[in-house]
1. So how far, in whole Å, is the C-alpha centre of the stretch A:37-61 from the one of the stretch B:174-209?
2. Taking amide H positions as placed in the peptide plane 1.01 Å from N, state which residues far from A:Y10 in sequence (5 or more) or on other chains have amide H under 5 Å from it.
3. Just to confirm, what accessible area per residue do you get for the stretch A:99-171 at 1.4 Å probe, in whole Å²?
4. Tell me what chain B gives for mean residue ellipticity at 222 nm when only DSSP H runs of n ≥ 4 count, each as -39,500 (n - 2.57), the sum divided by the residue total, rounded to 500 deg cm²/dmol.
5. Determine the share of chain A's accessible area contributed by carbon and sulfur atoms, expressed in whole percent, with a 1.4 angstrom probe.
6. Quick one: Cα centre-to-centre distance for the stretch A:84-103 and the stretch A:245-286, in angstrom?
7. Just the number, please: carbon plus sulfur as a percent of the accessible area of the stretch B:2-257, 1.4 Å probe, no ligands or DNA/RNA counted.
8. Rounded to whole Hz and in sequence order, give me ³J(HN,Hα) for the stretch A:279-295 from the Karplus expression 6.51 cos²θ - 1.76 cosθ + 1.60, θ = phi - 60°, writing x for Gly and Pro.
Amino acid sequence: MLEIKNLTKYYGKVKVLEDLNLYIQTGTIYGLLGPNGSGKTTTINLICNLLQADSGIIKINNQIVSDATKAWIGVATQENLLYKTLSCAENLDFYARIYGLKGKKRARQIKTSLTAVKLLERAKSPVETLSGGMQRRVNIAVALVHEPKLIILDEPTAGLDIETRYEIWELILNLKRQGMTVLLTTHLLDEAQRLCDRLCIIHHGKIIAEGSLSELRQLFPAQEIVLIKTEAETKAIAIAQQLGFLHRRYGGDLAFLLPYPLELKEIIALFDGIPLHSLTRQSVQLEHIYLEVTQNY
Amino acid sequence: MMKYWDETIAVAQRILTELCRRRRSLIFWGIFPVSILLLNGFIFAERANLSTAKAMQFAAPSSLVGAALFFSCLGGSIATVVSEREQKTIKRLFISPLSGISYFLGIFLAHSLIGMSQTILVYAIAAFFGASFGGSMLLGFFIVLLSIIAYVGVGFILGTTLARRTEDVNALVGTFGVPLLILGGAFLPISLFPEKLLRVAKFNPIYHMNEALVDVWAKGKTWTEINYHFWFLCVFAFLMVGCGWLFYRRMLMVERRL
């Protein structure tokens, strides 16, 4: 579906993307991750043909991106880019017309898109009267109305409450079930882990990790993580170092990386003599991999 | 060709629907020229010893050009572009296949319809007071159309360059517009101007819009008698459209990214 080869982009003399290579298969959800300023939005701008690459090519459906490929892409931006005084249906109708949809097909697509985001019953409500979550869903419906082949969702759940987030996740998974290809950017790593088939982590304009979650787990130097709370941290670290365990800090918590799984009693035995307030075992999550690869880079 | 037509209609319809929803702008764009027409008309009638009908006949063109078209077509098109930039909906338009030509034509069409409605309103009220209009309807229509094109063109230039927020619109209209309106004879009769100011006024397109309309619809003059104003307006209107287009392209270069 989407193929990016050796993509490089400069802003002035600053290289913002360097030799980027990506391949997104049809019908999958692909997560594009990275810190702010890593090059995610520049990549999206290039896919949408809003910017010109300095070198490299981007192909959608085997066709190099151009103004002609714009109709194949649907973009739901982080901000809700909607006409607030118009109703949901009027917003969709406007964009459907811009994308050249006519007559019954246009009416059908508006209905289908509003149904997909569960807002058909609010079709005539002005956007400004809807909640933030509903507006986000209208924003996604606008991206779907012209039946694009590739949907780009730029932080679709940023700033939303947990119930709305779950609704959007369900919607994204439904898009995949319908055979659509989704490119998702997000800072919420649990969201990326839950939704994406493959993930790509960009840092300083370069891909530093790419693959499925199980492939990315291979990059992490442990199979399990143990978080402990203790006043004797220095002593705990010294013990772990003697055993060859790495340690990290995750949001202030002290974590030890176990290169092989251990029984709980074995773990407790390791810290014998140390007053533990709590001990938590965790499997390796995307956030651990993300921190590992971005901090090591 | 059909693509451009469909897109133009979609943009125009969207702008008009938004304006109808908000209502306020449309109501004020009706009230303002009518009140200026009545004020000017009664002042002319009193001070120039004219009948009310004759005074309204002479007050209608300046009220239309200065109080109606200027604010709806120039101020309105600045506000349309600025509101797209402020709401960032323009970014979604960049992503879409909408062409810049259709976008401009859509704004032009929407504001032309408003301008034509204002023309009918102003002249209907003047007629209500007994004003009669001679001269060619078609020629008058072309002058109104050229005025709208010029105003939308200037609106595009200002909306894509100097105005970034809605508050900027009023400041811009005040700074550039009001002196030009006064100098164009929209609020004060040109006959009161000193000779030097009159020479400057001849470079002001509002002066030519006003004079051409007075000549055609109030004095019944023909095209050969007003062709100087007509050609000035033609050149100015198409120059503004050209510049508006260039500034729009420039804005695309700067802002065309998410």
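The values are calculated or read from the model by the stated rules, or taken from the named source; none is laboratory data. The structure displayed is predicted, hence computed values, not measured ones. Neighbour counts run over all protein chains shown; Cβ positions are idealised from the backbone, glycine included. Protein only, heavy atoms only, side chains kept; ligands, DNA and RNA dropped before computing areas. Shrake-Rupley method; radii C 1.70, N 1.55, O 1.52, S 1.80 Å.
1. Each part reduced to its Cα centre gives a spacing of 51 Å.
2. Sorted by chain and number, the residues that satisfy this are A:V16, A:D54.
3. With all protein chains present, the stretch A:99-171 gives 45 Å² per residue.
4. Here the helix-only value at 222 nm equals -24500 deg cm²/dmol.
5. The nonpolar share, carbon plus sulfur, comes to 49 percent.
6. With the stretch A:84-103 and the stretch A:245-286 each reduced to a Cα centre, they are spaced 55 Å.
7. Carbon and sulfur atoms account for 69 percent of the accessible area of the stretch B:2-257.
8. For the stretch A:279-295, the Karplus curve yields 9, 10, 9, 9, 7, 6, 9, 4, 4, 5, 5, 4, 5, 4, 6, 6, 7 Hz.
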